[in-house]
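One structure is given below, encoded as structure tokens.
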Amino acid sequence: MLFISIITSAAVLMFGIGIYQWRSEKPVRLSTGEAAIDPEELTDVKAWNRKHGMMWILYGLCLLAGLFISLQIEDSRYAGGIMMVFIFLPLLVIPAYHDHLIRQFHR
């Protein structure tokens, strides 16, 4: 039950980040360690924010999909492995997608 609560809470947090970034007027960034982007440096701030917001919403959906699939598997070793894939694989894809967005929207 604790596992379900933690993953669901993380997914809700990702949805919240995604919605915030989707609706933001200022250019969003991937992490707090990244320097803020000047709106003049982007070709389309609204599209930039929406694509970043959608990225976090999709990560939240990945967490919920991994939770659902892992709960269907009886062997906890396999269920844990599946959940790890749904948690960590997107964390490898997100920075690459962010770099792609920089190339796409940066002037």
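The values are calculated or read from the model by the stated rules, or taken from the named source; none is laboratory data. Keep in mind it's a predicted model, so treat the numbers as computed, not measured. Using ideal geometry, Cβ is built from the backbone for each residue, glycine included, and neighbour counts are taken over all protein chains shown.
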Check: With (1) touching a helix residue (DSSP H, G or I) at 6+ places or on another chain (Cβ under 8 Å); (2) of a type outside the set (S, T, Y); (3) within 17 Å of L89 (Cβ to Cβ) as the list, and W48 as the residue in question, which single condition is left unmet?
Finding: (3)
Note to self: Kindly evaluate R29 against the criterion of being in a loop (DSSP other than H, G, I, E, B) and either modelled with pLDDT of 95 or more or farther than 21 Å from S5 by Cβ (or both).
What the structure shows: yes
Check: So, in the range 74-107, of the ones that are touching a Leu at 6+ places or on another chain (Cβ under 8 Å) and of a type in the set (V, I, T), which residue ends up farthest from Q21 (Cα to Cα)?
Finding: I87
Next item on the list: Write out, first by first residue and then by second, each pair whose Cβ atoms fall under 7 Å of each other, whose residues are 6+ apart or on separate chains, and whose first residue, in the range 87-106, is over 16 Å from E34 (Cβ atoms) while the second is surrounded by 12 or more Cβ atoms within 10 Å (Cβ to Cβ) and not aliphatic (A, V, I, L, M).
Entry: I87/G66; P90/Y59; P90/C62
Next item on the list: Name the residue, out of S70, S5, S9, that is of a type in the set (G, A, S) and either in a loop (DSSP other than H, G, I, E, B) or touching a helix residue (DSSP H, G or I) at 6+ places or on another chain (Cβ under 9 Å) (or both).
Entry: S70
Note to self: Show the residue pairs meeting these rules: Cβ distance below 6 Å; 6+ apart or different chains; first residue within the range 11-35 and in contact (Cβ under 8 Å) with a residue 12 or more places away in the chain; second residue of a type in the set (S, T, Y).
What the structure shows: M14/Y59
Notebook entry, point to check: Do you know which of the residues in the range 80-106 that are exposed (fewer than 11 other Cβ atoms within 10 Å of the Cβ) and among the aliphatic types (A, V, I, L, M) is nearest to F68 (Cα to Cα)?
Noted result: L91
Check: Is the range 51-62 home to any residue that is among the small types (G, A, S) and either more than 25 Å from F105 (Cβ to Cβ) or surrounded by 11 or more Cβ atoms within 10 Å (Cβ to Cβ) (or both)?
Finding: yes
